[in-house]
Structures are given as C-alpha cells and as structure tokens.
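Notes for the one structure printed next.
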Amino acid sequence: IDWKDRRFWPTVLPIVLVTFPAAAQAYFWESFRLPFGATFLVLGLLFGEWVNRYTNFWGWTYFPISLVWPTSLVPAALFLDIVLLLSRSFIVTAIVGAMGWGLLLYPSNWPILAPYHQATEQYGLLMSLADLIGFEYVRTSMPEYLRIVERGTMRTFGKDVVAVAAFFSA
C-alpha cells in the first residue's frame, strides 16, 4: 500500500499495463467481433494477482492482506472496451481509449487508497499512514533509500503532481 500513491504509480503503471489488454482486445475484436477483450484479460490478471497476493504475501510471510491488494484495473478496461464498441475503430480506441485508460487508473483506486491518506505524527515526523506502513513493515528486498520518510512533507498526498503524472501517462 505504501508505494501505490507515489508519483510514478499513475505514470508508469498505465503505460506498461495497457499493452496486454490492447493486444487481447485486438484479438477478440478481429477474431470474434467481441468488444470485451481488455476486460476479460484484466479479470484474468486480477485473479492471478489475488492468487499471488494470498500465496506469497499472506501464505509465506503472513503480511497483512489488507495492505497488498492489486491495482483496480476494471474501470479502465471497461472504458477501453466501450470506446472500441462505440467507435469500431482501432485508431480511435488507441487515442481516446488509451487516454481514458491512463486517466482512469488513479481515480478508480481513490476509494481504496483514501483511508491511507490520513495524517499522523510518529517519532516527531508528520507523515501519512501509507508512509508509516512503509516505514514500519520492513521488506527485505526494499532498499533503504526507498524507506526514507521525508521531514515535514507528505508525499503520499499527491496534490497537483498526480494530475500532471496521470495526464502524462495518458
């Protein structure tokens, strides 16, 4: 949970993740004329991610499952499929649908991330709960420079930087 609301999550993740749903969408549309390839692939991806979360995070290390959920991609995939259904054009889907994919990724996860944006003061530092979780739950593969909590800033609050990052990814 502590990395999901950083500045790179709304930028890098949509760019990387749009490729597989777009490929599945093209296959389903060309082969069967069915406009739900992206949603079908995303549902399969989310199923695999939940199996991974339960097996690896909770099953082996007993990490709290409420802190390791996968990104909610279904609204963005539905938008991508609806654009293809209405336009029936790969070019329009590539321009409008991919832009909607990038813009919808972060807001569709706000209801899940909202409780972790609460401010707290720990050890004389002002931080969000997401920063506190990242600071308290030490993961052995995470370098120390990623765990540094900045003094006086709440970098998980995002503010206007997140909107710029989302538009850049779109």
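The values are calculated or read from the model by the stated rules, or taken from the named source; none is laboratory data. Not measured: the values here are computed from a predicted model. Here Cβ is always computed from backbone atoms with ideal geometry, including for glycine, and neighbour counts include all displayed protein chains. These accessible areas exclude ligands, DNA and RNA; they are computed on the full protein's heavy atoms, side chains included. Shrake-Rupley method; radii C 1.70, N 1.55, O 1.52, S 1.80 Å.
Filtered by the rule that a residue be in contact with a Leu (Cβ under 8 Å, 6 or more places away or on another chain) and over 26 Å from T55 (Cα atoms), the range 93-115 gives T93, G97, A98, G100, W101. The set of residues from the range 75-96 being in contact with a helix residue (DSSP H, G or I) (Cβ under 6 Å, 6 or more places away or on another chain) and touching a residue at least 24 places away in the same chain (Cβ under 8 Å) comprises P75, A76, A77, L78, F79, L80, D81, L84, T93.
Among the residues that make up the range 29-45, is at least one of them small (G, A, S) and in contact (Cβ under 8 Å) with a residue 40 or more places away in the chain? Don't jump to the end; show me each part of the working.
Step one: of the range 29-45, the residues small (G, A, S) are 31, 37-38, 44.
Imposing the further condition that a residue be in contact (Cβ under 8 Å) with a residue 40 or more places away in the chain reduces the set to 37-38.
Within the range 29-45 (the criterion being small (G, A, S) and in contact (Cβ under 8 Å) with a residue 40 or more places away in the chain), the answer is yes, since at least one residue qualifies.
If the condition is being open to solvent by less than 20 Å² (accessible area, probe 1.4 Å) and aromatic (F, W, Y), then the range 17-40 contributes only W29.
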